[in-house]
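The values are calculated or read from the model by the stated rules, or taken from the named source; none is laboratory data. Worth saying up front: this structure is predicted, and the values here are computed from it rather than measured. Cβ sites come from the backbone with ideal geometry, for glycine too, and all protein chains shown count toward neighbours. Side chains are part of the model used for accessible areas, which takes the heavy atoms of the whole protein and leaves out ligands, DNA and RNA. Shrake-Rupley method; radii C 1.70, N 1.55, O 1.52, S 1.80 Å.
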Amino acid sequence: WMTPEMGLLIGALLGDGCITKPDRATMKCASLTQRKLYLSAAEKIEQRTSEPLTQKGIAFLFGRDFKNYRERKRRAPLLWALGELGLVGQTAFTKMLPDWTRLLPKSVALQILRGLLLTDGHFDKNGGLHFSSRSKSLRDWAAFIAHRFGCPGSSWEHSILGKPNYKWSAYREFVSSLISMMGSFPEKQNFEQVRQISRKNQRKYCRLNNR
């Protein structure tokens with residue numbers, strides 16, 4: 001039941017969405033182009049959407065609440081999936097994906113990662129790729145999936161306003177190949193700076209999550 005389109009939306013909601021209520025999930029969009037990307041994915045999985053009047057153009061609402069399990073799965077598949085994954089009610093500090101999702105097919109796992117990077121990731125001027133999250137579990141998930149598909153990196157944590165923040169940075173020589181497997185990152189700052197770095201500079205040994 002987990003499709004690439006579903007994965008993209010779940011990743012984006014985990015990164016910059018509100019999933020605390022069982023009957024709705026809302027998300028702010030960084031740009032109209034990204035919003036179109038998410039709406040297209042929602043349409044493909046037949047998930048209803050609407051647009052909050054107070055945040056027109058940068059946020060949208062997924063589906064509606066259906067008490068009947070089968071109707072919820074059929075008419076609000078994204079909301080149903082969030083429930084199946086145990087994500088409903090999670091906050092920025094508690095968001096986490098089940099361990100079994102680390103073994104999802106390549107097409108699905110990479111789209112979840114893409115959604116996370118579209119929202120909580122950024123590219124630097126030298127073509128580097130970075131991800132940050134208030135959730136250590138979510139940071140570790142992203143680091144594992146990137147490494148699984150050939151892009152190792154380093155992880156660390158620091159404090160923002162007295163609360164922990166967890167970061168991961170990809171080794172630059174692997175960023176281009178990872179991005180080519182995921183797809184475009186519309187209107188993401190410095191995305192065009194990503195380039196293939198010579199394999200001569202490739203590290204001989206790479207660690208996963210600093211281990």
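Being in a loop (DSSP other than H, G, I, E, B) and among the aromatic types (Phe, Trp, Tyr) narrows it down to one of PHE93, PHE174, PHE131, PHE144, so name that one.
PHE93
Condition first: open to solvent by less than 50 Å² (accessible area, probe 1.4 Å), assigned to a helix (DSSP H, G or I), modelled with pLDDT of 85 or more and in contact with a Phe, Trp or Tyr (Cβ under 6 Å, 6 or more places away or on another chain). Can you find one or more residues in segment 64-79 that meet it?
Yes - at least one qualifying residue is present in segment 64-79.
State the number of residues belonging to segment 80-113 that are among the basic types (Lys, Arg), at pLDDT 95 or above and open to solvent by less than 70 Å² (accessible area, probe 1.4 Å). If you could, list the steps in order and put the result at the bottom.
Initial filter on segment 80-113 (among the basic types (Lys, Arg)): 95, 102, 106.
Then drop every residue that is not at pLDDT 95 or above, which leaves 102, 106.
From what's left, open to solvent by less than 70 Å² (accessible area, probe 1.4 Å): 102.
Summing the residues that are among the basic types (Lys, Arg), at pLDDT 95 or above and open to solvent by less than 70 Å² (accessible area, probe 1.4 Å) in segment 80-113 gives 1.
Residue-wise test of (1) open to solvent by 30 Å² or more (accessible area, probe 1.4 Å); (2) under 20 Å from LEU14 (Cα atoms); (3) modelled with pLDDT of 90 or more; (4) under 14 Å from the mean Cα position of the chain (by Cα).
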{"site": "GLY115", "(1), (2), (3), (4)": "no, yes, yes, yes"}
{"site": "ASN126", "(1), (2), (3), (4)": "yes, no, no, no"}
{"site": "LEU138", "(1), (2), (3), (4)": "no, yes, yes, yes"}
{"site": "TRP141", "(1), (2), (3), (4)": "no, yes, yes, yes"}
{"site": "PHE149", "(1), (2), (3), (4)": "yes, no, yes, no"}
{"site": "PRO152", "(1), (2), (3), (4)": "no, no, yes, no"}
{"site": "GLY162", "(1), (2), (3), (4)": "yes, no, no, no"}
{"site": "SER180", "(1), (2), (3), (4)": "yes, no, yes, no"}
{"site": "ASN190", "(1), (2), (3), (4)": "yes, no, no, no"}
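So which residues in segment 11-35 are among the hydrophobic types (A, V, I, L, M, F, W, C) and either assigned to a loop (DSSP other than H, G, I, E, B) or in contact with a Lys or Arg (Cβ under 7 Å, 6 or more places away or on another chain) (or both), if there are any at all?
Correct list: LEU14, ILE19, CYS29, ALA30.
For segment 76-113, which residues satisfy the criterion of being over 12 Å from the mean Cα position of the chain (by Cα) and more than 24 Å from PRO22 (Cβ to Cβ)?
Within segment 76-113, ARG102, LEU103, PRO105, LYS106, SER107 qualify.
What number of residues within segment 36-49 satisfy the criterion of being open to solvent by 30 Å² or more (accessible area, probe 1.4 Å) and part of a helix (DSSP H, G or I)?
Of all residues in segment 36-49, those open to solvent by 30 Å² or more (accessible area, probe 1.4 Å) come to 36-37, 39-40, 43-44, 46, 48-49.
From what is left, the residues that are part of a helix (DSSP H, G or I) are 36-37, 39-40, 43-44.
Residues meeting the conditions: 6.
Of everything in segment 1-23 that's acidic (Asp, Glu) and farther than 21 Å from SER132 by Cβ, which residue is modelled with the highest pLDDT?
Across segment 1-23, the extreme among qualifying residues is GLU5.
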